[in-house]
Amino acid sequence: MKRWLVFLVAVAAIACVVMGVHIVREKRALRELAQREREVAYQAALRSYSDVITPGMTRKEGFATRRISISLSSLGALRHMNGNREPKLPIG
C-alpha cells in the first residue's frame, strides 16, 4: 500500500513539473512572437519614414512631407506599435 502511495505521489509530481515546463515554454514562445511582430511593425514604419525623409531636410520640410505621404498601412503599423490606440501624429 505504501509503495503505491509513493508511486502516485511521484507520478503527480512529475506531471506537475511537465505541465509547468510546458506553460513556461508556451509563454516564452508567445512573448517571442509578440517581439517579432513589434519588430516587423517598427521596421515597416521606419522604412516608410526613411523613404520620404532624407538627410539634409529641414524639420519643417520633413513634417510637411510626412503629413502628405503617410499611408493607411503605416498608420496601421503605428497603431499596432501604440497598443492598438490611435497614433498621435505631430501637427504643425
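The values are calculated or read from the model by the stated rules, or taken from the named source; none is laboratory data. No experiment lies behind these values; they were computed from the predicted model shown. In this analysis, Cβ positions are derived from the backbone assuming ideal geometry, glycine residues included, and neighbour counts consider all displayed protein chains.
Of note, I68 satisfies the criterion of being loosely packed, with under 10 Cβ neighbours inside 10 Å, out of contact with any Cys (no Cβ under 6 Å at 6 or more places or on another chain), modelled with pLDDT under 85 and part of a helix (DSSP H, G or I). Is it the case that some residue within the stretch 24-34 is β-branched (V, I, T), more than 14 Å from the chain's Cα centre (by Cα) and modelled with pLDDT of 80 or more? Yes, that holds for at least one residue.
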